[in-house]
Amino acid sequence: DQIVNRMQSGILVVDDDGIIKLINKAARNLLGVAQTRTLYSIRQYSIGLQELFTTWTHLRDTENSQSHTGVLSSGGEHRELRIRFVRVGGRKEDRGSILYVDDNADISRQVQATKLASLGRLTASIAHEIRNPLGAISHAAQLLQESPDLQSMDQRLVDIINDHAGRLNRVIENVLGLSRKESSHVENIRLHAWLEHFTAEFGRIHTMATDWYKLSIEPVDTEIQMDPNHLHQVMWNLCTNARKYAASKDKPLKVTMAGGAAQDSNYLYLDITDNGPGISKKRQAQLFEPFFTTSGSGTGLGLYISRELCQNNSGDLSYIETVTGSCFRIHFPVSRDLVSLHPPHVTIKEHNPLVQAMTRAKSKA
């Protein structure tokens with residue numbers, strides 16, 4: 001019990017009827033069950049988990065499967081739990097099952113951290129090598145620009161050199177920022193007040209009309225937990241993209257920032273919606289890929305870095321499809337003491353005839 005209870009992975013041991021014989025602290029945290037609450041069966045937690053267990057027992061008994069993995073979506077905390085079922089023993093007659101519960105987001109972060117570590121070493125060395133000749137090019141262009149005999153056509157060529165040198169330098173800064181991957185310093189932030197300061201700063205720097213945004217946070221005193229510098233960078237990237245792709249000469253930019261506590265859920269969010277043409281389904285799948293851009297002057301790293309920053313603060317960034325415009329949703333983490341103990345809404349990402357038949361039978365009954 002001591003060893004299992006201190007494991008980082010969630011562990012449940014159940015008999016063939018789904019009666020819980022052992023559940024450790026990590027499993028309780030992942031499933032959102034209070035430490036003082038007694039669970040007799042997995043059905044007490046959710047029907048979704050019970051259906052996954054039913055699928056597993058069917059595969060185990062009819063196909064002699066040794067293990068099975070399913071996904072449990074928890075709408076309450078906007079997370080996906082990976083549930084892996086294995087036999088207690090290696091023999092067919094061994095009774096009971098072990099359930100390993102892991103947060104898919106944590107697994108993804110570990111994989112991403114490993115990839116970024118190797119990518120960071122490579123890109124950092126390349127970026128430093130590029131920066132030296134880039135600095136010489138930029139310095140030479142500045143000296144040439146100061147020449148009193150510079151003609152207008154030559155000035156145009158110098159401007160092109162400066163523009164592209166600046167773009168390349170921004171790419172280098174973004175790549176170096178990814179390789180450094182600075183840790184977050186989370187603070188409690190009053191979201192409405194913080195956004196008022198941010199929108200004033202963004203509008204002042206870009207000389208925008210005072211009504212370029214609409215702010216709606218419910219409740220108005222909602223507090224989120226995030227590094228304020230990271231939140232500023234994410235919001236700046238999203239609003240800059242909205243200004244770049246949604247605004248035009250005939251149509252000024254309008255951005256709606258709405259959020260707070262999600263109804264019937266246990267997470268905080270912020271939706272940033274513009275009045276642009278939206279994003280096609282084909283491009284939505286590539287939105288957060290590094291170096292993906294539809295603009296000739298973009299680096300394709302803004303959204304990728306924004307999502308990395310959100311995930312580095314135990315949150316997330318996603319695209320929400322709307323009728324008009326583009327909507328990006330920032331999910332903020334919620335303290336454990338604020339999480340409701342009610343079972344979250346669950347969906348099963350499997351097509352299982354046995355589960356469907358049981359559901360129909362229950363409905364008829």
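Hey, can you find the accessible area per residue of segment 151-247 for me, probe 1.4 Å, expressed in square angstrom?
Details: 5740 Å² over 97 residues.
The answer is 59 Å² per residue.
Working from label points 7 Å from Cα in the Cα-to-Cβ sense, the A200 to R167 distance is 3.6 nm.
Computed about its Cα centre, the charge dipole of segment 185-226 is approximately 160 debye, with only Lys, Arg, Asp and Glu carrying charge at their Cβ. Rounded to the nearest 20 debye, the dipole size of segment 149-280 about its Cα centre is 380 debye, using +1 on the Cβ of Lys and Arg and -1 on the Cβ of Asp and Glu. Given their separation in residues at 0.36 nm each and the Cα-Cα distance between them, N104 and F288 gain 64.5 nm when the chain is fully extended. Take the solvent-accessible surface of the protein heavy atoms, probe 1.4 Å, and return the percent of it on segment 184-240 that carbon and sulfur atoms account for. With neighbouring chains kept in place, the figure for segment 184-240 is 48 percent. Judged by the gyration tensor of its Cα atoms, with axes a ≥ b ≥ c, segment 120-258 is oblate; a/c meets the 1.5 cut and b/c is at least as large as a/b.
Around Q155, what is the net charge, scoring Lys/Arg as +1 and Asp/Glu as -1 over all other residues with Cβ under 12 Å from its Cβ? Once positives and negatives cancel, what remains is -3.
The translational diffusion coefficient of segment 192-289, from Stokes-Einstein at 20 °C and 1.002 mPa s with a Kirkwood hydrodynamic radius over alpha carbon pairs, comes to 145 µm²/s. Across segment 142-148, computed HN-Hα scalar couplings (Karplus, 6.51 cos²θ - 1.76 cosθ + 1.60, θ = phi - 60°) run 5, 5, 5, 5, 7, 5, x Hz from first to last residue, x flagging Gly and Pro.
The values are calculated or read from the model by the stated rules, or taken from the named source; none is laboratory data. Keep in mind that this is a model prediction, so the values were computed, not measured. In this analysis, Cβ positions are derived from the backbone assuming ideal geometry, glycine residues included, and neighbour counts consider all displayed protein chains. In case anyone asks, the SASA skips ligands and DNA or RNA and just uses the protein heavy atoms, side chains included. Shrake-Rupley method; radii C 1.70, N 1.55, O 1.52, S 1.80 Å.
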